[in-house]
Amino acid sequence: MNDEALVLGIETSCDETGVGLVRGSTLLADSIASSVQAHARYGGVVPEVASRAHLEAMAPTVQRALDEAGATLNDVDAIAVTAGPGLAGALLVGVAAAKAYALAAGKPLYGVNHLAAHIAVDRLEHGPLPEPAIALLVSGGHSSLLLVEDLATGTQPLGATIDDAAGEAFDKVARLLGLPFPGGPPIDREARDGNPGSIPFPRGLTSHRDLARHRFDFSFSGLKTAVARWVEARERAGEPVPVADVAASFQEAVCDVLTRKALDACVEHGVDTLLIGGGVAANSRLRAMAAERCAARGIRLRAPRPTLCTDNGAMVAALGAHLVESGVAASTLNIPARSALPVTVVNLAG
Ligand code: KG4
Ligand code: ZN
C-alpha cells in the first residue's frame, strides 16, 4: 500500500499539451504533444492554432500518460491543471478537460499556477526544495525573480521583465540571424562556436541609476535592438554576419544579467538556495554560469534537467502532489482559467 498521492497534471498554457503522472516525488509519466511546428513560420505562438491543437491532443495525451504509468484514471488521487498565467484560449482547453476528468472520476481538482509548477518540478529530480529559496524563472512568456518561503502558500515577486521575456529575446534574435523558431536551442548551439566576448552588447537595467528603481527587474528589448542594429550595420557594409559570435555575445549578455541579479537577490535576502526554471533554464551557458557564480558565493544551485525546464505536464503534477502533501484544499469545479494569474496565487480556491 502506497500512501503517497498519485497526481495527474495537465499543462496547456502555451503550445505544449503536457500530461504527467507523479506519485509523491516520483515521476511516472511525462507525455507531451507540441504544436510548435505549426507556429514556426509565424515566428511566435499563434493562440488560436495552439488552442485547437490542445483540443485535438488532449484525450490521446492523457491516455498515453496513463498507459506509460500503468495506471487508470480511477487510480489517480487528484488532478492538477495549469489555471494560469498563459494564453486564455489555450488555458481554457486544459481547465475544461481537467474539470471533466475530475467530475467523471470523482477526483479532487487543483487549478494551479504555471510559474509555481516550474519551481515544483525540481522535487522530481532533487527532492524537496529547501525553503526559503530564490527562483529565477525564465521562459518565452515570463522572466521573474521570486522569493519562495513556502511554495504551498505562494511566492513573493522580487522583480520581472519590464518588456520582453528572456525566451522572447532568444526567439527574436534567432529570427534576425536566420535561425529557426523557437530560437533558444539554435542560439545555444551556434554560440558554442562563437566568442562570447567579441561584441559588447548592453546589459539592461544594470546601471547605478536603473538599479535604484529596478533592482531585480529585467529588460531585454534594448539588447534585442542592439543586436538588430549591429547585424544591420554589417549587412549594409556588405560584410558577412558572424552568426556564432553574435549568438555567443547575445547569450552572454542575457545570462550575465540573469545570474547577476539572481545571485544578488540570494545575498540580499540571506537565502542560500537558487532554483532556475522555465525554458531558458535549459540554456547550457546559463546553467554553467549559474553553477560557477553560485559556487563562488556558497549558494546551492537547483537546476532541473533541461527536458523538465521546458513546459510539461509532470511539473503540474509535481506541484499538485506538493499541495496534496501540504494539506492545501482542492479547488472547486467553478474555477476560471486566468491568463494573468499573479505569482502570489499558487492554487485557485474557487
Ligand atoms: O517554458 P517554455 O517551454 O514555455 C513558456 O512558458 O514560454 O519556454 C520556451 C522558451 C522559448 O522562448 C525558447 O526559445 C526558450 O524557452 N528556450 C531556450 C532554450 N531552450 C528553450 N532558450 C535558451 N536556450 C535554450 N537551450
Ligand atoms: Zn513555462
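Computed from the coordinates by the stated procedures, all read-outs in this text should not be read as laboratory data. Source: prediction; values computed, not measured. We place every Cβ from the backbone using ideal geometry, glycine too, and count neighbours over all the protein chains shown.
Things worth noting here:
- Gyration tensor verdict on the chain (Cα atoms; rounded if a/c is under 1.5, prolate if a/b is larger than b/c, oblate otherwise): prolate
- Gain on full stretching of the segment that runs from A38 to V241 - 0.36 nm per residue minus C-alpha separation: 70.2 nm
- Overall form of the stretch 102-142 per C-alpha gyration tensor (a/c, 1.5; a/b vs b/c): oblate
- With Cα atoms, 0 to 90° folded angle of helix 243-268 axis to the chain main axis: 60
- Across the chain, C-alpha contacts under 8 Å between residues 6 or more apart give a mean separation that, scaled by the residue count, equals a relative contact order of 26 percent.
- Stretchable slack from E56 to A212, in nm (0.36 nm times residue separation minus alpha-carbon distance): 51.3 nm
- Separation in nanometres of the label points that stand 7 Å from Cα toward Cβ, at A228 and A88: 2.7
- Lys pairs under 26 Å by Cα in the chain, provided they are eight or more residues apart or on distinct chains: 4
- Cβ-Cβ FRET estimate between T307 and D77, R0 fixed at 41 Å, reported to 0.05: 0.95
- Think of the chain as a dipole: +1 on every Lys or Arg Cβ, -1 on every Asp or Glu Cβ, centred on the Cα centre; then among A120, V22, G141, G141 lies furthest on the positive end.
- Nearest 10 degrees, 0 to 90: helix 221-236 Cα axis against the chain principal axis: 50
- Charge dipole magnitude, Cβ of K and R +1, D and E -1 - the chain, Cα centre, debye nearest 20: 660
- 0 to 90° range, to nearest 10: angle between helix 284-296 axis and the chain longest Cα axis: 90
- Mean residue ellipticity (222 nm) of the chain, computed from DSSP H runs ≥ 4 via -39,500 (n - 2.57), nearest 500: -13500 deg cm²/dmol
- Shape class of the stretch 40-123 from the Cα gyration tensor (axes a ≥ b ≥ c, square roots of the eigenvalues): prolate, since a/c reaches 1.5 or more and a/b is larger than b/c.
- Residues listed by number, the stretch 1-40, amide nitrogen under 14 Å from V49 label point at 7 Å toward C-beta: 15-16, 34-40
- Of all DSSP beta bridges in the stretch 46-145, antiparallel share, percent nearest 5: 40
- GNM result for the chain, Cα springs below 10 Å: residue of E16, E168, E125 fluctuating most strongly: E125
- Most mobile listed residue (Y101, Y110, Y42) in the chain, GNM with C-alpha springs under 10 Å: Y42
- Cβ-based charge dipole, the chain, positive-most Cα from W230, V328, P304: W230
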